[in-house]
1. So is residue 139 modelled with pLDDT under 90, out of contact with any Pro (no Cβ under 9 Å at 6 or more places or on another chain) and open to solvent by 40 Å² or more (accessible area, probe 1.4 Å) or not?
2. Which condition breaks for residue 222 when tested against (1) part of a helix (DSSP H, G or I); (2) open to solvent by less than 60 Å² (accessible area, probe 1.4 Å); (3) more than 28 Å from residue 134 (Cα to Cα)?
3. In segment 339-378, how many residues are in a helix (DSSP H, G or I) and either surrounded by fewer than 20 Cβ atoms within 10 Å (Cβ to Cβ) or in contact with a Cys (Cβ under 7 Å, 6 or more places away or on another chain) (or both)?
4. On the given criteria, is residue 306 within 30 Å of residue 230 (Cβ to Cβ), surrounded by fewer than 17 Cβ atoms within 10 Å (Cβ to Cβ), out of contact with any helix residue (DSSP H, G or I) (no Cβ under 9 Å at 6 or more places or on another chain) and modelled with pLDDT of 95 or more?
5. What number of residues within segment 157-206 are assigned to a helix (DSSP H, G or I) and of a type in the set (Ser, Thr, Tyr)?
6. List pairs: first in segment 193-209 and assigned by TED's automatic domain parsing to the domain that holds residue 288, second not in a helix (DSSP H, G or I), Cβ under 6 Å, 6+ apart or cross-chain?
7. In the set 271, 276, which member is in contact (Cβ under 8 Å) with a residue 40 or more places away in the chain, buried (at least 17 other Cβ atoms within 10 Å of the Cβ) and in contact with a Phe, Trp or Tyr (Cβ under 7 Å, 6 or more places away or on another chain)?
Amino acid sequence: MLRQWMAGLTFALSVMLSAAFSVAPMVAPAQEANAPGSEAEAPATAPATDKPRPGTLEDILRRQQGLKLDPERLLRRPAPPAPIPLPPQLGTLGRQSDADLWRALKSGAYARPSSDTASGKLMQTAGEEWRRLRREVILKYAPWLPAGVLGLLVLFYLIRGRIRIRGGRSGRTIPRFSMSHRIAHWFLASVFILMAISGLMILIGRPVLLPLLGHEVHSVLLSAALQGHNLFGPVFILALLIAIVRFMRGNFFQWADVKWILRGGGMLGVHAPAHHYNFGEKTWYWIVVFVGLGMAATGLLLEFPWLVETLLYHQLATILHALGAVVMIAVALGHIYIGSIGMEGALDSMLKGEVDENWAREHHDLWYEQVTGKKAVHGGGGDDTPPPAAAAEQT
């Protein structure tokens, strides 16, 4: 009995001692933390919700230098800024709406560029402007220029008819163009016609030919036109330079050209004087020179885009190339009409290299007098037929 009692007392003491030792390590740190003068004691003035703000650059430098940091300054937090009331009509969008912001960006708003290659624009809108100009202006209105000229020529032919030689053909001819002139002319003319047809297919083929031919046929024709246009582009430049040099002599404007304009080129019933080339022919020559060279420059830029890296130049080149093309095609239609079915005897100069004397006397009297040494006599009221005395002298 006594032995059982002693065993129970020993077990109870062991349990109490083990509990005492397990509680002592947890109580000691708490007492040390609450002891007066302890470094871990929190300041009585600091609110329970304050947290140290992130270290500033000054704090980082002081730590690197081993200097002591001010704990009060670390725990001091700046006062929050006062809320700014928003206009009720705009709500959370601020003083400008999203539509105003995007409208400003699309109109080319500038900002400080973030790199040396940036232009300062927040959004590049030149591509959209170029696309709108090409679709809504050039494709819509430019083809009407050659179409309008063609319609006027048809109307003029129906009203006026073919311009005949008033005195009829005399049977005597005067040399007008040499073989080199004619080769240069037909070389440029043939290449220009090929470039004009292929260029028009590229420019207006989709809205005009696609509904008529269908996708398959149109794609084949458009691909062939594009390849031919790019292939014969350098050939056109060569032919253009040859024609410019060969036809430059005699194509500078003179005082007789002013008289030719005032007399309406002979269309008003009064004879209009002219040298080897009249005002209309000289104007066509200089259009070929300036517009042709401009198209050559823009065409090279489009065919070899690595020559210039600026995108704006390429977009401008497409616009100028298209405008120059329709201008040259429109004026060329008038030149072709006058030189073929519009005027009797005009085509002989480029087919045979010579013209009839009566044709030369009627349309280029100053050149006729210079070549033949004879006086070009014109009848009254615009009649260019020489009197019988002058005709007898010529025989």
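The values are calculated or read from the model by the stated rules, or taken from the named source; none is laboratory data. No experiment lies behind these values; they were computed from the predicted model shown. Every residue, glycine among them, receives a Cβ derived from its backbone with ideal geometry; neighbour counts consider all protein chains shown. Heads up: the accessible areas ignore ligands, DNA and RNA and are worked out on the full protein's heavy atoms, side chains in. Shrake-Rupley method; radii C 1.70, N 1.55, O 1.52, S 1.80 Å.
1. Details: modelled with pLDDT under 90: yes; out of contact with any Pro (no Cβ under 9 Å at 6 or more places or on another chain): no; open to solvent by 40 Å² or more (accessible area, probe 1.4 Å): yes.
Criteria not met by residue 139.
2. Just one mismatch for residue 222, condition (3).
3. Taking segment 339-378 and keeping what is in a helix (DSSP H, G or I), we get 339, 348-351, 357-363, 365-372.
Then drop every residue that is not either surrounded by fewer than 20 Cβ atoms within 10 Å (Cβ to Cβ) or in contact with a Cys (Cβ under 7 Å, 6 or more places away or on another chain) (or both), which leaves 339, 348, 350-351, 366, 369-372.
Qualifying residue count for the region: 9.
4. Details: within 30 Å of residue 230 (Cβ to Cβ): yes; surrounded by fewer than 17 Cβ atoms within 10 Å (Cβ to Cβ): yes; out of contact with any helix residue (DSSP H, G or I) (no Cβ under 9 Å at 6 or more places or on another chain): yes; modelled with pLDDT of 95 or more: no.
Taking the combined requirement at face value, the residue does not satisfy it.
5. From segment 157-206, those assigned to a helix (DSSP H, G or I) are 157-160, 179-206; that's our starting set.
Next cut, of a type in the set (Ser, Thr, Tyr) only: 157, 180, 190, 198.
Residues in segment 157-206 being assigned to a helix (DSSP H, G or I) and of a type in the set (Ser, Thr, Tyr): 4 in total.
6. Between residues of segment 193-209 that are assigned by TED's automatic domain parsing to the domain that holds residue 288 and residues that are not in a helix (DSSP H, G or I), the close pairs are 204/143.
7. Criteria check complete, one pass: 276.
Residue-wise test of (1) under 25 Å from residue 335 (Cβ atoms); (2) of a type in the set (A, V, I, L, M, F, W, C); (3) more than 29 Å from the chain's Cα centre (by Cα).
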position: 196; (1), (2), (3): yes, yes, no
position: 200; (1), (2), (3): yes, yes, no
position: 208; (1), (2), (3): yes, yes, no
position: 215; (1), (2), (3): no, no, no
position: 223; (1), (2), (3): no, no, no
position: 230; (1), (2), (3): no, no, no
position: 233; (1), (2), (3): yes, no, no
position: 264; (1), (2), (3): yes, no, yes
position: 276; (1), (2), (3): yes, no, yes
